[in-house]
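In what follows, a single structure is set out as structure tokens and then discussed.
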């Protein structure tokens, strides 16, 4: 691995350390206390940025880190993280991501994903929602989401967001909020 890019082991260790710090802060502050949101100036209240800066100190243009630890609709715990150096991202083929991102560009598809994350897995349950269109239209949207990797089939007429896509989907939704 290149010297200017932190190893996955180093990042994993840092994220584990951050998770421990978050747990300790939650214990001290109470788990219902919200931290800073949408601050324009990063300060001491941020848990990840100072350590990310240190990890990326030799990366000319920095990088990004996304991580999450969530409970899926079936009660399973899903933990995920991904990091990338900015230069690597800028040097990649963005147009090849169009289908994956484009699949999320329909309000009906976003509503389907939201309903699935709320625990509805059967097409019959999804059809109870208002404004989704006909059964054929719903299946069309589901097929597009499966093709893009945002959904998988788990039986006849049943779908779920794959555990490996749960946190990434929530990251995209979070990033899209203004």
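Some notes on this structure:
- Residue exposure sequence - 150, 94, 80 - by fewest surrounding Cβ within 10 Å: 94, 80, 150
- Relative contact order for the range 124-178, counting Cα pairs under 8 Å that sit 6 or more residues apart, in percent: 19 percent
- Ranked for footprinting exposure by Cβ neighbours inside 10 Å, fewest first, 85, 48 give 48, 85.
- Put in line by how crowded their Cβ is, counting other Cβ atoms within 10 Å and starting with the fewest, 109, 82 read 82, 109.
- Three semi-axes describe the equivalent ellipsoid of the range 96-176; taken as square roots of 5 times the Cα gyration tensor eigenvalues and ordered largest first, they are 19, 13, 12 Å.
- Take every pair of alpha-carbon atoms less than 8 Å apart whose residues are at least six positions apart; their mean separation over the length of the range 39-126 yields a relative contact order of 21 percent.
Every number here is computed from the coordinates shown, using simple stated rules; none is lab data. On a predicted model such as this, the values are computed, not experimentally measured, just so you know. Heads up, the Cβs are rebuilt from the backbone with ideal geometry, glycines too, and the neighbour counts pull from every protein chain shown.
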